[in-house]
Each structure stands twice: as structure tokens, then as C-alpha cells.
1. Among 283, 333, 269, which is within 30 Å of residue 383 (Cβ to Cβ) and surrounded by fewer than 13 Cβ atoms within 10 Å (Cβ to Cβ)?
2. Which condition from (1) within 24 Å of residue 94 (Cα to Cα); (2) touching a Cys at 6+ places or on another chain (Cβ under 9 Å) is the one that residue 134 breaks?
3. Of the residues 151, 211, 169, which single one is within 30 Å of residue 123 (Cα to Cα), small (Gly, Ala, Ser) and surrounded by fewer than 16 Cβ atoms within 10 Å (Cβ to Cβ)?
4. What residue, of 447, 425, is over 16 Å from residue 359 (Cβ atoms), surrounded by 15 or more Cβ atoms within 10 Å (Cβ to Cβ) and outside the structural domain of residue 363 (by TED's automatic domain parsing)?
5. Condition first: within 13 Å of residue 106 (Cα to Cα) and either of a type in the set (Ser, Thr, Tyr) or not in a strand (DSSP E or B) (or both). Now tell me which residues in segment 62-73 satisfy that.
6. Search segment 428-444 for residues being outside any loop (DSSP other than H, G, I, E, B) and touching a residue at least 24 places away in the same chain (Cβ under 8 Å), and hand back the single one that is farthest from residue 356 (Cα to Cα).
7. Residue 110 fails exactly one of the following numbered conditions: (1) modelled with pLDDT under 95; (2) more than 43 Å from the chain's Cα centre (by Cα). What is the number of that condition?
8. Residue under question is residue 251, and the condition is that it be assigned by TED's automatic domain parsing to the domain that holds residue 290, of a type outside the set (Phe, Trp, Tyr) and either at pLDDT 95 or above or under 23 Å from residue 293 (Cβ atoms) (or both); does it hold?
Amino acid sequence: MKILINMKRNNLFLLMAFAVSLLAGCVKDEKVEVTPTPVVTDAVLINEVYSRGVPDAPDWVEIYNNSDSQVDISGYKIYDSGGESGAKPKKEFPTGSVIAARGFLVIVVDDGTESGFGVSSTGEELWLANVNAEVVDNITVSAMEDTQSFGCYPDGSDNLQLLNTITRGTSNSPGVAPEKIKINELYSKGDSTNPDWVELYNAGTTDVDLGAYKIYDSGGQAGTKPKLQFPTGTILTPGSFLVIVVDGEGESNFGLSGNGETIWLEKGDGTLADSVIFPALEDGQSYGRYPDGANNWQILYVPTPGAANDNTAPPTEIIIKMNEIFSKGTDADPDWIEIYNGSTVDVNLSGYKIYDSGGLSGSKPKKEFPAGTVIPAGGFFVIVTDDTVASGFGLSSNGEEVWLEDANSTVIDDVTFTAMVDGQSYGRKPDGSDTFFTFTEITRGTSNNNAATLPKLK
């Protein structure tokens, strides 16, 4: 069995057997039986695997003859977990499969036959068995990218690694790790004090000099303006971030469109390193990969320029509406306004204020909700406005405008209601909607959804 430390393939089996013999010798009169899955010594082994195949160029496995004589592997079988479990046949090497001394043989495994199998691009285990059904080699293949394979370096060794140069049917080479500079996050809702920016991330394993890289939007793509080039000597180390302000004052700078657009990142040789089409964003949002460097793009609700992207869930939307208004009050049954919580969470109304034109103009105080007033999700709260306190106000029976503001003094709702007569109220139907009716059935503190109304005026 191949393992990722410098241990000969069969040493693991010998160590296990030695440990079993020690255990058997230490326990008097007790027989200990262990039946490990043996890996039989053989000249051939799995040397390189490619799992990123397509229909025209399917997955394959390369076998290496680690001896000085040719080897006939006709009748050998190769398989993944399906063959190991018996869920499908094992793939057999055809008659005449002879490998020269120190030579290679490639078998296509993802060929559409009953015994064919695609090697998982996320990684899996493979087995190679001889004509006696004895396992002669098995390896666990790691995930790989389109330009990589997985195998032994040097050929036939116990050192397994990702190979950055695919060498199907020839001697393995680790190759040079590719540059992996990614557009990782962007912010398009900038202003003069906090301009637009783009964050780059080095998802590779080597330092990259960005000195000749360029970034641009449609203007640079079309050639109507210069592309924005990174400063000479800009080095991005593996796993690190670089933020570049794009909405500057230079000729090549560009502001990211608030409605969304495409941006490109170009290498020094003019080839494309990365690109992204981003959507329209709201204030306080960025758009980025999660996790960093991954193919998954999403709106981020906590921008993190120059740091790991944050997948914090969006804040819960608070929906508080004036839902029903009663302006034909008496001393015994004064005017009131019903508040509706259309949110999915309870909302504390402490510090909220409600008022008419007097409170708006400042000629009288705004009426504040009592401390500790909590309205449950989907619930209602009625506040009497026509009381005798200084901030109380009677709603005009001829109609007027009323405002509701939150604890930060931000107006979150305003309603202009019409004149009404005794036995009527005015409000939203359905609850919280933007459709208003005059109700002939008053539903103080409960849903308006089934209440009788006057015909809606066109």
C-alpha cells in the first residue's frame, strides 16, 4: 500500500505482522488472529492518475513496471470502490498487456463499459490486483485541477503528490506550480471617502510578482481607456491578499458599476488570469468567493478587504408598519394606531416615536412608545395617540399624514389616511402590504386580512 511517508510498500505489512507476533507472545495461552489485507510484492504499480477527464479525453491510470524485465499484466484488474465492494465488475487489462522494463502502460478507465469507472475529481481510493486476485498496489488519489495529475515522483517511489505537469505514458515530473491569482472580493458601492476596490488572493503555493498584471472593466476591454497596471515589485505570497482601489483619479482607473458588470485580470504576458461578472449590490455588501479562492461566488454581508471572506448570514430584515388607523375616537375610546410586525423576529419598539404634523414641525413633542414595548413576529401593538399627555395628538377625522420613526430617529413608515366616519378605520389589506382600504369592520390589535371594507376607489 502506498503511504505518504518514506516507507517501502511492503514494510507496512511486515510491521503489522511483527506487531501481531509480539502481541501473541505476550498473552499466555491465547491465540490472536489478525487477517490484514495483504499487498503482494509485484514489479508493477499505479504510477499516475488523471481524474479530470471529459468525454473526448476520459480518465486514465498509468501503470509502471519497476523492474529490469518486461512484465505481462494481461488479466490484472484495476478498480475503485465499486469494484472493491462488488457493486460492479473490476476492469480487466486485455490480453497482450505487456510493459517493457522500466516502462509504462496507460489504461482508460472511464470508457463507458460495464466495468469502466470515472475517477472522482474530489479524490478516492484505487486498487490494482494480479491474475490471482491479490492486491499488488493501492493508492488514495487526491482532488486535482484540470491541469494536474496525481502520482509518484520519482516514478515507482512511495512519494505521492500532485503533479503540475501531466506526463501520460512517460516519466513523471512535478512541474512548476501554476500561478493562481484570483479576483476574490470586490466592492462597488464606494463613495469619495470609501472608493470602489477589488481584492486579489493568491490561491497557489508560490510567490507571484504582480508587477505586470493589469485589471480593467469594459473600458479597458474595449480599448477606450488604459488598463490599470499593478505597481512594479508587487509580490503576493501564498494565501495572502492584495486590495487595489480602482475608483481613483488616474487615467486608467475605473469605478465599478453599481448595477453590476464584468471585470478582468490579465497576466503580464497578456493571457487572462481571472474574470468575474458581478451583480448589483446594496450598501454594505460586497461580492466574493467563499471560501477564499473557491469557485463559489456569493453576496457577502460583511465586506473584508484584505482579509479572509466572511460568510455571515444577512441581517434579519425588520418590517414595522402602521397597519390600521382609527381617527373617530371619543373620550371613552380615543384615537389609536395599530403597528404590525412583518418581520420573522420579535422587535423591541422602545425609543420608537409616532407623530403627526405637530411632531414633524416641532410645535409639540413626538409620542414615544413605552420602554420595554416588544411586538412579536407577525404580531400587533396598538398605541393610543389621543391621550392627555403633552405628546398625545388627536388624529384628524378629515384625514392627515402620520409618521413612524425608529429609535435612531429614522422615518421607517408614513401614511396619509383619508376622512372616515363613525364605525370605520383605515389600513392595509393584507397586513403590512402597500394596499390601503377604508374598513367598515374595525379589527384593533388583530389581522385586517378578513375585515370588511368599502369598495376600493380606482
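The values are calculated or read from the model by the stated rules, or taken from the named source; none is laboratory data. Here the structure is a predicted model, which means the values were calculated and not measured. Cβ sites come from the backbone with ideal geometry, for glycine too, and all protein chains shown count toward neighbours.
1. Answer to the check: 333.
2. Every condition holds for residue 134 apart from (2).
3. Result: 169 is the single residue among 151, 211, 169 that is within 30 Å of residue 123 (Cα to Cα), small (Gly, Ala, Ser) and surrounded by fewer than 16 Cβ atoms within 10 Å (Cβ to Cβ).
4. 447
5. Listed by number, the residues that qualify are 64, 73.
6. Filtering segment 428-444 for residues that are outside any loop (DSSP other than H, G, I, E, B) and touching a residue at least 24 places away in the same chain (Cβ under 8 Å), the one farthest from residue 356 (Cα to Cα) comes out as 439.
7. Residue 110 satisfies all of (1) modelled with pLDDT under 95; (2) more than 43 Å from the chain's Cα centre (by Cα) except (2).
8. For residue 251, the condition - assigned by TED's automatic domain parsing to the domain that holds residue 290, of a type outside the set (Phe, Trp, Tyr) and either at pLDDT 95 or above or under 23 Å from residue 293 (Cβ atoms) (or both) - is not met.
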